[in-house]
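The values are calculated or read from the model by the stated rules, or taken from the named source; none is laboratory data. In this text, all values refer to a predicted model and were calculated from it rather than measured experimentally. Note that we place each Cβ from the backbone using ideal geometry, even for glycine, and neighbour counts take in every protein chain shown.
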Amino acid sequence: MGRNILGCRMRYNRIALGETHTPFSLECSVSWNVSSIEDINNALQSTLSILSSWLHIGFRPAEPPRWEYLGRRFNLYVYKIESSRGVGGETRIVESGSKLLCIAGVFSKYIEEHLDSSLLEEFREKRVIEYGDNISDTYFLRRPPAGETIESQKRIPSFVVYAAEGIQDVDPSTWRLRIRGEVAEEKEYSLDELYSMAEDLGSADFHCVTGWSVSSKKWIGVRISKLIEDSKPTSRAKWVVIKSVRGGYSTIIPLEEALRDNAFAVLRVDGEPLSREHGYPLRLFFPRLFGWKSAKWVNEIILLDRYEDGTWEARAYHERGLVEYEERFKIRNPDIVEEGRLVGKPRPLRP
């Protein structure tokens, strides 16, 4: 039974994204079969041992893990970690069907004060540094999950409100949507300009990664493909980062998902203007993808030539997030990569 961490990768996200909630992020590739909670704890200890040796900072768990059972398939364990130098962070371990999918984490910007100068310079120069053998930067599943059909989403009548940075107040008279990055022409749009371009985008379901869905909401807004294409993406553009008005929250999607006809910059839902808690003046919506990709209070769409972790992607969530294939979490296990889909019987594995 395999119990190995194959390699780890750390990203320095501040160069491309500026000030975000994820200045340093971690992910580890694993070949690890799980039969008990002890296996999860052993995986954590192995990860912290690698980090302590690699970064020359002694990390340890600060408290017992927080556990969630998501989508009736995934066990997520969230550990707060600390060090004697006062550097804090969070490590997340994801299990499904008796296999670890990935190990991920985030660290505060204060880690910079404790890294060796050569290591810090490597971060700033390369953005990504690696230890051991890692699966590709991004891996997309190719097929729906194997085995018995699992109803992973519960239908509910209305949205649950989430706000990673708190519900934001935005002055519509000064707010602008900016398109920048790997484009020939950077553009800005006022709210009035977006309303003049708005169209009826039809109805579609919204699916949250935590396991709930709302059905047949009616959307009015502007196709994201029009906004991006009007700025003339360069041939280098491959990813789209979406940032909120405060700048700390971001998410990332492949460019091809943003260019789909049913990817929307939303101004109205069910005939009503967006409410403050649902992202006024603008949120994005990608019906194929889980809801954390459909960022609220958006004011920047940034095209990049390379992948960068967003707020939740740094915390183990998937690079694409395709609902049909259950891409809730990053895939960094070679068994699942080879199969091309999630395997094994899911079950709660409570601490």
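Tabulated values for the structure
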{"item": "Checklist (1) out of contact with any Lys or Arg (no Cβ under 6 Å at 6 or more places or on another chain); (2) polar (S, T, N, Q); (3) surrounded by 15 or more Cβ atoms within 10 Å (Cβ to Cβ) applied to Asn134, failing item", "result": "(1)"}
{"item": "Any pair with Cβ under 7 angstrom, 6 or more apart, that starts in region 334-351 at a residue that is more than 17 Å from Leu141 (Cα to Cα) and ends at one that is modelled with pLDDT under 90 and β-branched (Val, Ile, Thr)", "result": "Pro346/Ile150"}
{"item": "Among (1) under 30 Å from Ile50 (Cα atoms); (2) over 23 Å from the mean Cα position of the chain (by Cα) - the single one Asn134 does not satisfy", "result": "(2)"}
{"item": "Meets criteria (at pLDDT below 95, closer than 20 Å to Tyr162 by Cα, out of contact with any His (no Cβ under 9 Å at 6 or more places or on another chain) and assigned by TED's automatic domain parsing to the domain that holds Thr174) for Glu300", "result": "no"}
{"item": "Number of positions in region 42-53 that are under 25 Å from the mean Cα position of the chain (by Cα), farther than 16 Å from Ser98 by Cβ and surrounded by 14 or more Cβ atoms within 10 Å (Cβ to Cβ)", "result": "6"}
{"item": "Odd one out for Glu277 among (1) touching a strand residue (DSSP E or B) at 6+ places or on another chain (Cβ under 9 Å); (2) within 22 Å of Leu191 (Cβ to Cβ)", "result": "(1)"}
{"item": "Hits in region 319-337 (condition: assigned to a loop (DSSP other than H, G, I, E, B) and either farther than 20 Å from Phe24 by Cβ or among the β-branched types (Val, Ile, Thr) (or both))", "result": "Arg320, Gly321, Val323, Glu324, Tyr325, Glu326, Glu327, Arg328, Ile331, Asn333"}
{"item": "Positions within region 128-163 being in contact (Cβ under 8 Å) with a residue 40 or more places away in the chain and under 24 Å from Thr47 (Cβ atoms), in sequence order", "result": "Val128, Ile129, Glu130, Tyr131, Gly132, Asp133, Asn134, Ile135, Asp137, Thr138, Tyr139, Leu141"}
{"item": "Of all residues making up region 64-99, the number that are part of a loop (DSSP other than H, G, I, E, B) and over 29 Å from Gly344 (Cβ atoms)", "result": "5"}
{"item": "Unmet criterion (only one of (1) modelled with pLDDT under 95; (2) part of a strand (DSSP E or B)) for Lys218", "result": "(1)"}
{"item": "Answer residue from region 263-297, given it is part of a strand (DSSP E or B) and of a type in the set (Lys, Arg) and is surrounded by the most Cβ atoms within 10 Å (Cβ to Cβ) among those", "result": "Arg283"}
{"item": "Index of the failed condition, Ser35 passing every other in (1) crowded, with 22+ Cβ neighbours inside 10 Å; (2) assigned to a loop (DSSP other than H, G, I, E, B); (3) polar (S, T, N, Q)", "result": "(1)"}
{"item": "The listed residue being surrounded by fewer than 15 Cβ atoms within 10 Å (Cβ to Cβ) and either within 20 Å of the chain's Cα centre (by Cα) or of a type in the set (Ser, Thr, Tyr) (or both), out of Ser83, Ser96, Ser117", "result": "Ser117"}
{"item": "Qualifying residue in region 230-241 (condition: in a helix (DSSP H, G or I), modelled with pLDDT of 95 or more and either surrounded by fewer than 21 Cβ atoms within 10 Å (Cβ to Cβ) or out of contact with any helix residue (DSSP H, G or I) (no Cβ under 8 Å at 6 or more places or on another chain) (or both))", "result": "yes"}
{"item": "So Glu193, is it in contact with a Lys or Arg (Cβ under 8 Å, 6 or more places away or on another chain) and modelled with pLDDT of 95 or more", "result": "no"}
